[in-house]
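Down below is the structure, laid out as structure tokens.
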Amino acid sequence: MKVVIVGAHPDDPETACGGTIALLAQAGHEVVVAYLTSGEAAEVRTQEALRACEILGARAVFLNQIDGQSEVNNARYEEMSCFLFQEKPDILFTHWSIDSHRDHRNCSSLVYDAWMRLGRQVALFYFEPMTGQQSQNFAPSDYVDVTPVLERKHEACFVHESQHVRDWYEQVHGRMEVFRGMESGYKFAEAFVRHIQSADVSLTILRENCA
Ligand SMILES: [Zn+2]
């Protein structure tokens, strides 16, 4: 299967679903990670994102919006639709729409609109970059056991040295991995909300392929 993850900034896909990306790639699926913005210090952050994707086994794509100034307008809707139409994913991941960061909300809105224009045929899953601080009212429908690839996920997150991800990871994402694990019965988990109208693809494919 073809999997596309669209995140607002370099480090969002890695911290929110880096374990799931690693598992999907390991199971032989084609995984593309698209970054809506390249962040301030775009050159540095682009290099960090490329390295992170290499570690996770994904291909990086940069959609070239500006960090903190992402736009939602007709041209941007068109751009996202064209991108996803060309990539033709079977599974699509993006930001949960209730989020304190404007770029995260904009990213979610652009992808949701494109998903509808693609006929809602793609399995759409929402991820949580920082629940409690950024993503809110997030009630997961799907969990992925990321215990086997946790170290690789962390390695991919920590290459974002310009964001000092290593320094605050344990206090934020580390807690989320533990808490979502407690909810789902795994040691460490990532959690998702599946759009109820999307194609009936369950993330249990990971359990079957990676057992
Ligand atoms: Zn972000």
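The values are calculated or read from the model by the stated rules, or taken from the named source; none is laboratory data. What you see is a predicted model; the values in this text were computed from it and never measured. With ideal geometry, Cβ positions are generated from the backbone for all residues, glycine too; neighbour counts draw on all protein chains shown. Just so you know, the surface numbers come from the protein's heavy atoms only, side chains and all, with ligands and any DNA or RNA stripped out. Shrake-Rupley method; radii C 1.70, N 1.55, O 1.52, S 1.80 Å.
Assuming 0.36 nm per residue, please report the length gained on full extension of the stretch Ala41 to Glu71 beyond their Cα-Cα distance. Don't skip to the answer; put the middle values down first.
Values: separation 30, 0.36 × 30 = 10.80 nm, distance 1.88 nm.
Full-extension gain reported as 8.9 nm.
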Cα centroid separation - region 78-121 against region 136-191, whole Å:
22
Length released on extending from Asn64 to Gln133, taking residue separation times 0.36 nm less the Cα-Cα span:
22.3 nm
Percent antiparallel among DSSP beta bridges (both partners in the chain, rounded to 5)
30
Longest segment of the chain lacking trypsin sites (Lys or Arg not before Pro) that sit in a DSSP loop with at most 14 other Cβ atoms within 10 Å
1-119
Per-residue accessible area for Met80 at 1.4 Å probe radius, Å² rounded to 10?
10
By how many nm would the segment from Tyr186 to Glu170 lengthen if fully extended, with 0.36 nm per residue of separation less the alpha-carbon distance?
4.0 nm
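If I take every Cα pair under 8 Å that is 6 or more residues apart in region 80-151, average their sequence separation and divide by the length, what percent do I get for the relative contact order? Before the final figure, lay out each step's value.
Details: 74 pairs, mean separation 25.9, N = 72.
Rounded, it is 36 percent for region 80-151.
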Among the aspartates and glutamates, which have Cα under 13 Å from the Cα of Lys88 when same-chain residues fewer than 8 positions away are ignored?
Glu30
Scanning the chain for helices, which whole DSSP H stretches are 18 Å or more long along the axis (Cα) and average 0.0 or more by Kyte-Doolittle?
12-26, 42-56
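Report the GluC sites (Glu not before Pro) located in region 1-60 that are in a DSSP loop and have at most 16 other Cβ atoms inside 10 Å of their Cβ, or state none. It would help to have the intermediate numbers written out before the result.
Details: sites: Glu14, Glu30, Glu40, Glu43, Glu48, Glu54; in loops: Glu40.
Sparse-neighbourhood loop GluC sites (Glu not before Pro): Glu40.
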Any lysines whose Cα falls less than 21 Å from that of Lys153, other than same-chain ones fewer than 8 residues away, would be Lys2, Lys187
Accessible area per residue for region 69-165 in Å², computed with a 1.4 Å probe and the full protein assembly in place, what is it?
46
Cβ-defined net charge surrounding Ser108, 12 Å radius [Lys, Arg +1; Asp, Glu -1]
-3
If the convex hull is drawn through the Cα atoms of the chain, its volume per residue in Å³:
103
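What percentage of the solvent-accessible surface of the chain, computed with a 1.4 Å probe over protein heavy atoms, is contributed by carbon and sulfur atoms? Walk me through the numbers on the way to the answer.
Details: 4570 of 9310 Å².
That fraction is 49 percent.
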Once label points are set 7 Å from the Cα along Cα→Cβ at both Thr204 and Ile98, what is their separation, rounded to one decimal in nm?
2.8
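Can you give me the Rg/Rh ratio for region 118-157, using Cα atoms for both radii and the Kirkwood formula for Rh?
1.05
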